[in-house]
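Working notes, beginning with the structure itself.
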Amino acid sequence: MSESENGNHSIRVKLGQASKIRHLMMQIEHNVSRGEYKRAADLHRALVDLKTESARAFASLK
């Protein structure tokens, strides 16, 4: 993969992860508003894991 292709791929991955993060945050808000705190807590753990994974992936690109 060329450097340009690699850069484009990493941008697509970052955008995909940002989309997943936004979606999880909306699900958490929805569950909290309905009083489903256990499900919201499970989703929050998934969100933290995804953010950690994203940060590691971003750091490895530098």
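Please treat every number below as a calculation from the coordinates, not as lab data. Computed from a prediction, not measured in an experiment: that's the story for all the values here. Note that each Cβ is placed from the backbone with ideal geometry, even for glycine, and that neighbours are counted across all protein chains shown.
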Subject >> Net dipole in debye of segment 3-60 [+1 Lys, Arg Cβ; -1 Asp, Glu Cβ; about Cα centre; nearest 20] >> reply: 200 debye
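Could you tell me which of rounded, prolate or oblate describes segment 3-60, using a ≥ b ≥ c as the square roots of the eigenvalues of the alpha-carbon gyration tensor, with rounded for a/c under 1.5 and, failing that, prolate when a/b is larger than b/c and oblate otherwise?
Prolate shape, in that a/c is at least 1.5 and a/b is the bigger ratio.
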Original post:
Under a point spin-label approximation (7 Å from Cα along Cα-to-Cβ), what is the residue 13-residue 42 distance to one decimal in nm?
Top reply: 2.9 nm
Original post:
What number, in percent, do you get for the relative contact order of segment 3-60 if the mean sequence gap of Cα pairs under 8 Å and at least 6 apart is divided by its residue count?
Top reply: 33 percent
**OP:** Apply the Karplus parameterisation 6.51 cos²θ - 1.76 cosθ + 1.60, with θ equal to phi minus 60°, to every residue of segment 32-42 and state each ³J(HN,Hα) to the nearest whole Hz, in sequence, with x for glycine and proline.
**Re:** 5, 5, 8, x, 8, 6, 5, 5, 4, 5, 4
**OP:** Measure off 7 Å from each Cα along the Cα-to-Cβ vector at residue 29 and residue 56, then give the distance between these two points in nanometres to one decimal.
**Re:** 2.9 nm
